[in-house]
1. Checking a compactness column here: for region 220-376, what do you get for Rg(Cα) / (2.2 N^0.38 Å), N being the number of residues?
2. Within the P(r) computed for region 8-121, what percentage of the Cα pairs occupies the region above 18 Å?
3. Under 19 Å from a point placed 7 Å out from the Cα of residue 107 along the Cα-to-Cβ direction: which residues of region 41-83 have their backbone N that close?
4. Test of understanding: what is the full-extension gain from residue 68 to residue 15, defined as 0.36 nm times their sequence separation minus their Cα-Cα distance?
5. For the pair residue 87/residue 279, report the inter-label distance in nm, with labels modelled 7 Å from Cα in the Cβ direction.
6. Springs between alpha-carbon pairs under 10 angstrom, Gaussian network model over the chain: which of 357, 225, 62 fluctuates most?
7. Against the longest principal axis of the chain, how steep is helix 123-178, in degrees 0 to 90 to the nearest 10, with axes from Cα atoms?
8. Work out the FRET efficiency for residue 219 and residue 370 from their Cβ-Cβ distance, taking R0 = 22 Å, and round it to the nearest 0.05.
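The numbers here are math on the coordinates, done by the rules we state, and not lab data. In this text, all values refer to a predicted model and were calculated from it rather than measured experimentally. Glycine also receives a Cβ, built like all others from the backbone with ideal geometry; neighbour counts cover every protein chain displayed.
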């Protein structure tokens, strides 16, 4: 058995006896040499029942193999010091969870002498952790249920509102055709305003549905080529406005990790803004580029349009806030709020910089793909 040499032994044993933490000495063969009163109380055994027996006799069966590996690593020096959770067996048969701190005491030639063990009962802490985890799981389930109900409500409202809007658009169009000659200029203007208002309401419902999807849709993460998505969105914009000349440059292989559907939605909102607020008398000019910075893809979308006043930049991502009026192409005020929601759900951020009559730049930071994925 290991021996603690005088005069240190008396002071050490006094410290062990007074400690409120379970303490023990274990020899190099893995047998208990000495244990203190706190250790006895923790496991329910007296010192005479423990000393001389292997530590594995009081270790939970599922932890025996790892305990042997710990012992070997501590003695040969591959494990300088152990700080790990381990399970022990109480005299009653109950499992005792303990935080085990184990160090090897060595002589002047660095040869191992014995192991000094400290055991702290963490059963109560684990119970609290389990309770908190259970409560967090319950809250997550409740939140998911609430989000599903909110989505169902939003879908129902949108569906019920679309029907009368379609009627307004349809019948006002028929009225404009059939009664055109009987209507004066003021009547036709009123009718045009009715149709325009119905169209704006339909667009707003679409945007609200997209905002709901950006907020509550399940994230399905995978490597995403943002360059391909940007090309796709820009092609859609060109198809929608084929008469508008455009010069669009997209840097290839801008790869990130995320949900492809939501990331396309985000790019649609930002690129639509760049298209809408291009200078009226000039071709649309949009540049999409970026770089990887550590674990982050830094995406940069730059246009050369009318820009906006940075004094109002704090309103940029707020729902229903418009920095441009309808005559300048301003819409429902939800596009950038949708984009920000998607970026935040990917644990990223979106920033904007602009100068009036000089264009705007949006910087979007997203998780980059792992290097091995990027090479595929």
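1. Cα Rg divided by the expected 2.2 N^0.38 Å: 1.01.
2. That tail contains 47 percent of the Cα-Cα pairs.
3. Label zone hits: 75-77.
4. 16.3 nm
5. 7.2
6. Of 357, 225, 62, the Gaussian network model singles out 62 as fluctuating most.
7. 10
8. 0.80
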